[in-house]
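Q: Below is a structure I'd like to ask you about.
Just so it is clear, none of the values below were taken in a lab; they were calculated from the coordinates. Please read all numbers here as calculations on a predicted model, not as lab measurements. As a convention, Cβ positions derive from the backbone with ideal geometry for all residues, glycine included, and neighbour counts pool all protein chains shown.
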Amino acid sequence: MTPQTFSLIFLAMLALTTALRAWLALRQLRHVRARREAVPAEFADRVTPDEHRKAADYTAAKTRLALVELGVDAALLLAFTFGGLLAAFDQFWRGVFDESSYNPGYAHGLTLFASVGVAGFVVGLPFSLYRTFVLEDRFGFNKMTPALYVADLAKQLLLTVLIGAPLLLAVLWLMGAMGSLWWLTVWATWLGFNLLVLLLYPTFIAPLFNTFSPLAEGEMKSRIEALLARCGFASSGLFVMDGSKRSAHGNAYFTGFGRAKRIVFFDTLLDKLAPGEVEAVLAHELGHFKHRHVWKRIAVMSALSLAFLWLLGQLIDQPWFHAGLKVGAGGTAMALILFSLVLPVFTFPLAPLMSWLSRRHEFEADAYAARQASAFDLIAALVKLYRENAATLTPDPLHSLFYDSHPPASQRIAHLKSA
């Protein structure tokens, strides 16, 4: 393949993917707006017209912002590649570290990644600020203060340096030292790292951002402990997270594996749901555990990452891959960055496959919850969460097919009623 041919293929796929994303967003806007005034019949007795309109307006506002971000992201990708920004970063750091074009070192690789990360952060920061302090605030969800926002950014940066930099250094070393099968050793390292993070996250990482308190004694804790006993689930504790200091949205989840498993409730969730409804929500989460959904998703992502790393192994020494994206011969770090940047352009049309898998898991977890708790309590909890989180009850089906990991509300509730 010639560089010119690959350039045309990349530009065509970028145009196709961007146009597809924009079309889906516009469909979502039209679909939600057209149904703004009419609450679906199955929710009419539990969702008021004002609440339904708020959800429609919230969804429309998020979709409009996503459209702007879409254009900016496409422009940034073109700036990195055809605009010469990556090539400029590359040449600058080679000059700083006095490295040749054919033998860039680890310092070059780390700083090149850092430059791309900083550029992406600077471009994305206005959107993050607007989303947090304007959009979420307008609809009554934001509880974040500027000081807390800055503190979160500082902690994320610290974690990136302390955890991400050594991992990246290991990957770059493996890519240079392991010969033609480097992609296999990098994959094994990546997989081990993710499992380690999964093990350490509940105890060491999550507490850096939130306070976790043991669930208080009472009816709710008794019901939950009885549910855990019925389901044969052993955890290291039941915790309440102070999610309300950042957002009014509510959720519940379990995290970790082995003896590090924790069940976590947002304090906002406990404020909104009755004990039976909380039990049903937890039963749904336990359904994911019982059906081994976490491990199945890890297996799928591991297989995909192995395939992608193998593909990068085939591309890394191809001159047309680098030249077609206007960076020249940039070494292993440049190849890894380029591959990370352009891969989503080619894989987005496959998004419905991952959404389908996730939705199937949600239906299985709902069915498990209906057996272990009350389907009616889970329905009541879902309606409350949709209402309190201003989640639209009328998403565009095609947009939902690409983006939504959970089935639409009407489908989930119909499935639970049949159970």
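Q: Give, in nm to one decimal, the length gained when the segment between Phe233 and Gln156 is fully stretched (0.36 nm per residue of separation minus the Cα-Cα distance).
A: Gain on extension, Phe233 to Gln156, equals 24.5 nm.
Q: If you don't mind, there's one more thing I want to ask. Straight-line reach only, C-alpha to C-alpha below 19 angstrom: list the lysines that Lys272 could link to, leaving out same-chain residues fewer than 8 apart.
A: Counting by Cα, and skipping residues close in sequence, Lys272 has these lysines nearby: Lys54, Lys143, Lys221, Lys245, Lys384.
Q: In a Gaussian network model over the chain where Cα atoms closer than 10 Å are linked, find which of Asp267, Asp242, Asp98 has the largest mean-square fluctuation.
A: Sorting by GNM fluctuation, first place goes to Asp98.
Q: Further question on the same structure: With N set to the number of residues, divide the alpha-carbon radius of gyration of segment 249-378 by 2.2 N^0.38 Å and report two decimals.
A: Rg over 2.2 N^0.38 Å, computed on Cα atoms: 1.50.
Q: Jot down the radius of gyration and Dmax of segment 343-419, Cα atoms only, both in angstrom.
A: Every Cα atom of segment 343-419 included, Rg and Dmax give 13.8, 43 Å.
Q: Here is a follow-up. Along the Cα→Cβ direction, 7 angstrom out, place labels at Leu343 and Asn251. What is the inter-label distance in nm?
A: Placing both labels 7 Å beyond Cα along the Cβ direction yields 2.3 nm.
Q: For the pair Arg30/Lys221, report the inter-label distance in nm, with labels modelled 7 Å from Cα in the Cβ direction.
A: The two pseudo-label positions are separated by 5.5 nm.
Q: Can you give the net charge of the other residues whose Cβ lies under 11 Å from the Cβ of Pro275, counting K and R as +1 and D and E as -1?
A: Result for the local shell: -2.
Q: Using the Cα centre of segment 75-159 as origin and beta-carbon charges of +1 (Lys, Arg) and -1 (Asp, Glu), tell me which of Leu86, Phe141, Leu76 is placed farthest towards the positive end of the dipole.
A: Phe141
Q: Can you classify the chain as rounded, prolate or oblate using the Cα gyration tensor, where a ≥ b ≥ c are the square roots of its eigenvalues, rounded means a/c under 1.5, and otherwise it's prolate if a/b beats b/c and oblate if not?
A: prolate
Q: Let me ask another. Based on the alpha-carbon gyration tensor of segment 21-68 and its eigenvalue square roots a ≥ b ≥ c, which shape applies: rounded if a/c is under 1.5, prolate if not and a/b is larger than b/c, or oblate?
A: Judged from the Cα gyration tensor, segment 21-68 comes out prolate (a/c at least 1.5, a/b above b/c).
Q: To the nearest 20 debye, what is the magnitude of the charge dipole of segment 163-246 about its Cα centre, counting +1 on the Cβ of each Lys and Arg and -1 on the Cβ of each Asp and Glu?
A: 100 debye
Q: Among Ala41, Leu311, Ala373, whose Cα projects farthest towards the positive end of the dipole of the chain, with charges put on the beta-carbon of Lys, Arg (+1) and Asp, Glu (-1)?
A: After comparing all options, I get Ala41.
Q: Residue by residue, what Karplus-based ³J(HN,Hα) values in Hz, rounded to whole numbers, does segment 85-93 have, using 6.51, -1.76 and 1.60 with θ = phi - 60° and x for Gly and Pro?
A: 5, 5, 4, 5, 4, 4, 5, 4, 6
Q: If you don't mind, another one. Running a GNM on the chain with Cα contacts under 10 Å, which residue among Asp152, Asp377, Asp396 ends up with the highest mean-square fluctuation?
A: Maximum fluctuation in the GNM of the chain, among the listed residues, is at Asp152.
Q: With charges set only on the Cβ (+1 for Lys and Arg, -1 for Asp and Glu), what does the dipole of the chain come to about its Cα centre, in debye to the nearest 20?
A: Result for the chain is approximately 560 debye, rounded to the nearest 20.
Q: Got a sec? Charge dipole of the chain, +1 on Cβ for Lys and Arg, -1 for Asp and Glu; which of Ala60, Asn194, Phe321 is way out at the positive end?
A: In the chain, that residue is Ala60.
Q: Continuing with the same structure: When the chain is fully extended, how far beyond the present Cα-Cα distance does Ala177 get from Lys290, taking 0.36 nm per residue of separation?
A: 36.6 nm
Q: By how many nm would the segment from Leu169 to Phe209 lengthen if fully extended, with 0.36 nm per residue of separation less the alpha-carbon distance?
A: Fully extending the segment from Leu169 to Phe209 adds 11.8 nm.
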